[in-house]
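To keep things clear, I will list the structure first and then write my remarks on it.
The values are calculated or read from the model by the stated rules, or taken from the named source; none is laboratory data. Quantities reported herein were computed from a predicted structural model and do not represent experimental measurements. Cβ coordinates were reconstructed from backbone atoms using ideal geometry, including for glycine residues, and neighbour counts include every protein chain displayed.
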C-alpha cells in the first residue's frame, strides 16, 4: 500500500490518491474521462517512469470514486517511434465516435518538448487495446496540452495549446481522425504573461444549457496557478473574458485542470472539475484534486470540500468523511 495519503474507495478526497482494486495508486494523471453506458472510464498517464512514457492506464468506476484498473489501453512499444521508451505521451483523451469506435487523442513529444504533436489511436472497446495510427502538428501548428469535446450533434473538437498563437479550437473531421479547420482561437490577457501573447494550456470544454465553457491553465510549468474559464454561444465563439474558477490566489486549490466531467442525473446535472496537483519529483504520486463545479449565469466556480461523493443516478453530491 502507498505511504502517501489516500482516499477510502468510494470517496473523493481532494489531495488524496485514488486506490484501485489491487491497493495500487491509480495512475489518473492528465486524465480524460467519459461516461460509457453505466460506467465512467478514465484514461491517465502512467507516471511509473516519471516524465517519460510508461503507458496509458485505463480505469473504470460506477461513481467516479471506486476505480478498477482495466490494464494499459496503450502500451509502450519500442517498434513504434512515438511510443518508444524515453518518449513523452501526455493528456490522453478519448471520444466515442457515433459509429461506436473509440478514438484516443494524445500529446506526443520529446523530452525537450520540441516535437509538439497530436497523436491518434483507435479501439473497439473503451479499455482497448488501442491501435496507434500516427502523430502530426494539426494544420502545421504546435500542439502541446490537449482536450477534446463532442457536441450533441456528434461534431468533434480538438482543443490545443499553441503558445504564442493561442488556444485553438479545431473542428475534427467527421471520423475524428483528423482536423478540418480552426473554428476559434483565444488568448490569455496580456497582464497574465508579461512576455507576450499566449494561449492557456490544459484545455477542457463542456456545454451547459446551450452555452459553451472553455477552461485552461496559465503557462507556469509544474507550478499551479489560478485557472480560468471563458464562455461562448458556440465553440466558434465569440468568447467572453477569462475569469477565475476558484478564489483568486488559491492557485485553483493548488491544482491544474485536466478535464471537466458532466454527470446527468435524474435530479441534477452536476459538473466535476478534475485536476492534478503535480509533484515533479514523484509524478506517480501526484495527487488528484476533484471538486464539484457550479455553473450559472455564464460563470463557473469550484468550492473546496474535504471529501465528497456523487450519486451517478441522481447526480446529487454529498459530503463524506475520511480519517486523518
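Tabulated data
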read-out: Residue among 116, 75 that alone is surrounded by 14 or more Cβ atoms within 10 Å (Cβ to Cβ) and in contact (Cβ under 8 Å) with a residue 40 or more places away in the chain; value: 75
read-out: Selection count, segment 27-54, where residues are within 14 Å of residue 290 (Cα to Cα) and touching a residue at least 40 places away in the same chain (Cβ under 8 Å); value: 6
read-out: Candidate set: segment 1-37, residues that are in contact with a helix residue (DSSP H, G or I) (Cβ under 9 Å, 6 or more places away or on another chain) and surrounded by 14 or more Cβ atoms within 10 Å (Cβ to Cβ); chosen: the one farthest from residue 48 (Cα to Cα); value: 14
read-out: Options 312, 288, 292; residue that is closer than 27 Å to residue 36 by Cα, in contact (Cβ under 8 Å) with a residue 40 or more places away in the chain, surrounded by fewer than 23 Cβ atoms within 10 Å (Cβ to Cβ) and within 20 Å of the chain's Cα centre (by Cα); value: 312
read-out: Selection status of residue 96, closer than 27 Å to residue 233 by Cβ and surrounded by 16 or more Cβ atoms within 10 Å (Cβ to Cβ); value: yes
read-out: Lone unmet requirement of (1) surrounded by fewer than 23 Cβ atoms within 10 Å (Cβ to Cβ); (2) in contact (Cβ under 8 Å) with a residue 12 or more places away in the chain for residue 229; value: (1)
read-out: Sole residue being in a strand (DSSP E or B) and touching a helix residue (DSSP H, G or I) at 6+ places or on another chain (Cβ under 7 Å), chosen from 289, 274; value: 289
read-out: Test: residue in segment 87-97 that is in a loop (DSSP other than H, G, I, E, B) and in contact with a helix residue (DSSP H, G or I) (Cβ under 6 Å, 6 or more places away or on another chain); value: no
read-out: Number of positions in segment 295-306 that are out of contact with any helix residue (DSSP H, G or I) (no Cβ under 8 Å at 6 or more places or on another chain) and either buried (at least 19 other Cβ atoms within 10 Å of the Cβ) or modelled with pLDDT under 95 (or both); value: 7
